[in-house]
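See structure below.
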């Protein structure tokens, strides 16, 4: 009986109305309730401050190699010689700005403790929008 439909006579076309007439709807009972993810603020993030652009963490994790190379580039300043230029590039959010800020603070503290008044830092930041 290769695909024949007993509700439709041979040679007649089934219309949208005849299809809808054959559909039976059965009510579905919802047995679980989903709470809105927005009902409890702070549920996703315990502390959103690290997401702020100006946030500087107390401890910088997983950047030991970068900090080491950075300190090598700034060592001449600490020793009272002319500075090397440092060019830092990379993807957004990898810690370039926070590491640079920390390195400047460390360098200034070191120079102040050594009374090396010849150290002069200029921090320039260029962003591509």
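The values are calculated or read from the model by the stated rules, or taken from the named source; none is laboratory data. Quantities reported herein were computed from a predicted structural model and do not represent experimental measurements. In this analysis, Cβ positions are derived from the backbone assuming ideal geometry, glycine residues included, and neighbour counts consider all displayed protein chains.
Taking (1) touching a helix residue (DSSP H, G or I) at 6+ places or on another chain (Cβ under 7 Å); (2) exposed (fewer than 14 other Cβ atoms within 10 Å of the Cβ); (3) modelled with pLDDT under 85 in turn, residue 112 satisfies each apart from (1).
When segment 1-23 is filtered for residues that are part of a loop (DSSP other than H, G, I, E, B) and modelled with pLDDT of 75 or more, the ones remaining, listed by number, are 15, 23.
State yes or no: is residue 58 exposed (fewer than 10 other Cβ atoms within 10 Å of the Cβ), assigned to a loop (DSSP other than H, G, I, E, B) and modelled with pLDDT of 75 or more? So residue 58 passes the test. Tally the residues that are at pLDDT below 85 and under 13 Å from residue 63 (Cβ atoms), restricting the search to segment 80-100. The number of residues fulfilling the criteria is 1.
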